[in-house]
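Down below is the structure, laid out as structure tokens.
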Amino acid sequence: MGLLIIGVLLWSAVHLYPSLFPQRRAQFIEKLGSKYQGVFALCIVFSIILIVLGWRSTVPNPVYDVPSWGRGLNMLTMFIAILLLGAGSSKGISRIKQTIRHPMLTGVAVWGIGHLLANGDIRSVILFGGMTIWAIVSMITISWNEGAWVKPAEVAGVKREGILLGITVVVYLVLFVSHRWFAGMPIVG
């Protein structure tokens with residue numbers, strides 16, 4: 001359990017550092033130059049390794065009873081989360097980016113909340129609860145630093161939106177089928 005907690009905390013700290021301490025980040029970049037990206041990436045990869053090892057080594061002891069509809073709702077929230085993550089990571093402008101200021105972080109929060117509705121064990125509380133808290137805090141601190149939101153003026157075309165939706169469906173199906181292998185838990189059955 002300790003590795004999982006440390007991994008989630010490291011992930012959160014590394015991602016929050018730029019928005020909580022922008023001047024220190026600038027000094028760090030000035031000192032390290034192009035090596036900053038490498039240090040940042042190394043910390044993120046290390047946090048993911050700790051999260052995976054921690055997840056696999058933590059016994060999923062129950063903490064709370066999940067609602068009977070939690071699993072079904074999680075399947076819907078996962079589709080929404082993947083759509084938001086795709087919109088947030090896309091270079092182009094989608095209608096989602098014109099509506100939601102932080103689509104990628106919102107997607108992480110939706111992913112976390114959905115999984116908390118479907119899983120009531122300690123490792124789920126640590127991972128999904130921790131990532132949801134990180135995403136919400138990130139949205140707040142980034143918005144605070146950036147000031148008022150200026151919505152993108154460009155409007156996405158139907159073709160671009162269709163591509164995003166198609167990619168979302170494919171990613172959803174791949175995750176649905178492969179969940180038992182990368183998470184160690186089958187979605188159904």
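The values are calculated or read from the model by the stated rules, or taken from the named source; none is laboratory data. Bear in mind the structure is a predicted one, so any value in this text is a computation, not a measurement. Note: ideal-geometry Cβ built from the backbone for every residue, glycine included; neighbour counts use all protein chains shown. Accessible surface areas use protein heavy atoms only, side chains included; no ligands, DNA or RNA. Shrake-Rupley method; radii C 1.70, N 1.55, O 1.52, S 1.80 Å.
Key figures
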quantity	calculated
Single match in S138, S124 (criterion: among the polar types (S, T, N, Q) and more than 25 Å from N61 (Cβ to Cβ))	S138
Residues satisfying the stated conditions in the stretch 18-60, i.e. under 20 Å from the mean Cα position of the chain (by Cα) and modelled with pLDDT under 90	P18, S19, L20, Q37
Of the criteria (1) part of a helix (DSSP H, G or I); (2) at pLDDT 90 or above, which one A148 fails	(1)
Test set (1) out of contact with any Pro (no Cβ under 7 Å at 6 or more places or on another chain); (2) surrounded by 12 or more Cβ atoms within 10 Å (Cβ to Cβ) - S34 fails condition number	(2)
Subset of the stretch 48-72 (residues that are surrounded by fewer than 15 Cβ atoms within 10 Å (Cβ to Cβ), closer than 21 Å to F182 by Cα and polar (S, T, N, Q))	S57, N61
Top-ranked residue in the stretch 145-159 [being free of Cβ contacts under 8 Å to residues at least 24 places away in the same chain and of a type outside the set (V, I, T); ranked as farthest from Q23 (Cα to Cα)]	K159
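Every residue, every condition in (1) open to solvent by 50 Å² or more (accessible area, probe 1.4 Å); (2) without any contact (Cβ under 8 Å) to a residue 12 or more places away in the chain; (3) farther than 16 Å from L84 by Cα, yes or no:
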site: T106; (1), (2), (3): no, no, no
site: L116; (1), (2), (3): no, no, yes
site: L127; (1), (2), (3): no, no, yes
site: I133; (1), (2), (3): yes, no, yes
site: E161; (1), (2), (3): no, no, no
site: L164; (1), (2), (3): no, no, no
site: I167; (1), (2), (3): yes, no, no
site: V170; (1), (2), (3): yes, yes, no
